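S.K.: Just passing along the structure, written as structure tokens.
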Amino acid sequence: MMSLRVGVIGTGAIGRDHIRRLTSVVAGVEIVAVADADPELARRVAGEAGARVLPGDRLIGEPDVDAVLVCSWGATHADYVLAAIAAGKPVFCEKPLATTPDAALAIVDAEARRGKRLVQVGYMRRYDDAYRALKRELDGGVIGAPLMMHCAHRNASVPAFYRPDDMITDTAVHEIDMLRWLFGAEIVAVRVLRPRTGGHTGDLPEPMLLVLELDGGVLADVEISVNARYGYDIRGEILGESGTAALGEPGVVAVRSAGRLAVPIAGDWRERFGPAYDAELRDWAGTVRAGQPPGGPSCWDGYAATSVSAAALSSLRTGERVVVSLGDQPELYRRE
């Protein structure tokens, strides 16, 4: 089987990490072109990857680019993904699929009209071993029907360019997608609550609590803290009618010594979810090389996550419960 020739748009931190992953972890992939708003960065990354530098819109149409990876600034995603669909090329888009529900729905409509899945969205938690184990227990019925889920997403810190809205659109969105996947149900309403503010928050509205209502009656709460300081901490516990199931920590060894119990805490998202990113791109590249539609998060999943995020932002500003209405799901996605 020939190598999959990939063009990468966006060579920031996640773009470079994915290029490293595709060239050193995933077999059968060649990076042939890169694009970035920073020409100097693009040239440096291209030189390291043995690729050439092209503008993003031109990169998509190049004959030797078999598939596209979109890792650029979020507001640019929709245009690049639409161009890839128009060109008939598979595209992996880092989240968000688009920054507004209308823009995301336009991508759903474009792919549905084509009648074939070409897009996968980068919600990597679906590929995490701990979350997959949790889903197996849930689906196996060990704890009975699910009633509630408690979640926490805590960052030790965030970069200077992180903005208040990012707490929902960049951070909580991972739990939003995870909940839809875990319970196989849409989120139908959301409310955002805030307690007193801590001493390290600056202008960020943290911590915050999202209360999410799923179709079918499950309730989920998600605590978001992005200056927790002690480490990167992801938690989740499902309450069922006859028991509970809690998210485990992959690869963690608890040490009992000298009267103390010590459990390591991840330093950042790369450490905690690195293997999930590997599995995600290995799956994407494998299906594309085999000529199959991607099996990971779809355009519909990206649209749903963006819509719930928009509702949560509205609730953050008003304090009110906000209903989420997605409309009819195209047959292309119902077949899954």
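Quick note: the coordinates plus some simple rules give every number you see, no bench work behind them. Since we're looking at a predicted model, the values are computed, not measured. All Cβ positions, glycine included, derive from the backbone under ideal geometry; neighbour counts span all protein chains shown.
S.K.: Any lysines with Cα under 20 Å of the Lys116 Cα? List them, leaving off those in the same chain fewer than 8 positions away.
M.R.: Lys89
S.K.: Put +1 on the Cβ of each Lys and Arg and -1 on the Cβ of each Asp and Glu in the chain; which of Thr306, Ile107, Ile19 then has its Cα farthest toward the positive end of the dipole?
M.R.: Ile19
S.K.: I want to make sure I understand the PRE zone here: with the label point 7 angstrom from the Cα of Ala27 toward its beta carbon, which residues in region 57-86 have backbone N atoms less than 12 Å away?
M.R.: Those under the cut-off are none; the list is empty.
S.K.: Pop out the ³J(HN,Hα) list for region 45-52 in order, Karplus 6.51 cos²θ - 1.76 cosθ + 1.60 with θ = phi - 60°, rounded to Hz; leave Gly and Pro as x.
M.R.: In residue order, the calculated couplings are 5, 4, x, 5, 8, x, 10, 10 Hz.
S.K.: Testing the spin-label approximation: label points 7 Å from Cα along Cα→Cβ at Asp203 and Ser157. State their distance in nm.
M.R.: 1.9
S.K.: Give me Thr11, Thr100 ranked fewest to most by other Cβ atoms within 10 Å of their Cβ, as a rough exposure proxy.
M.R.: In order of increasing Cβ crowding within 10 Å: Thr100, Thr11.
S.K.: Return the long-range amide H neighbours of Leu147 (sequence gap of 5 or more, or a different chain), with a cut-off of under 5 Å between placed amide H atoms.
M.R.: Leu239, Gly240, Glu241
S.K.: OK, next. Taking the alpha-carbon centroid of each part, what is the distance from region 177-221 to region 282-324 in angstrom?
M.R.: Centre-to-centre (Cα) distance: 15 Å.
S.K.: Net charge near Glu223, counting Lys/Arg +1 and Asp/Glu -1 over other residues with Cβ under 9 Å of its Cβ?
M.R.: +1
S.K.: Provide the gained length on full extension for the span Asp268 to Arg43, in nm with one decimal, where the gain is 0.36 nm per separating residue minus the Cα-Cα distance.
M.R.: Full extension from Asp268 to Arg43 adds 78.2 nm.
S.K.: Multiplying the sequence separation of Glu237 and Asp129 by 0.36 nm and subtracting their Cα-Cα distance, what value in nm do you get?
M.R.: That works out to 37.3 nm of additional length.
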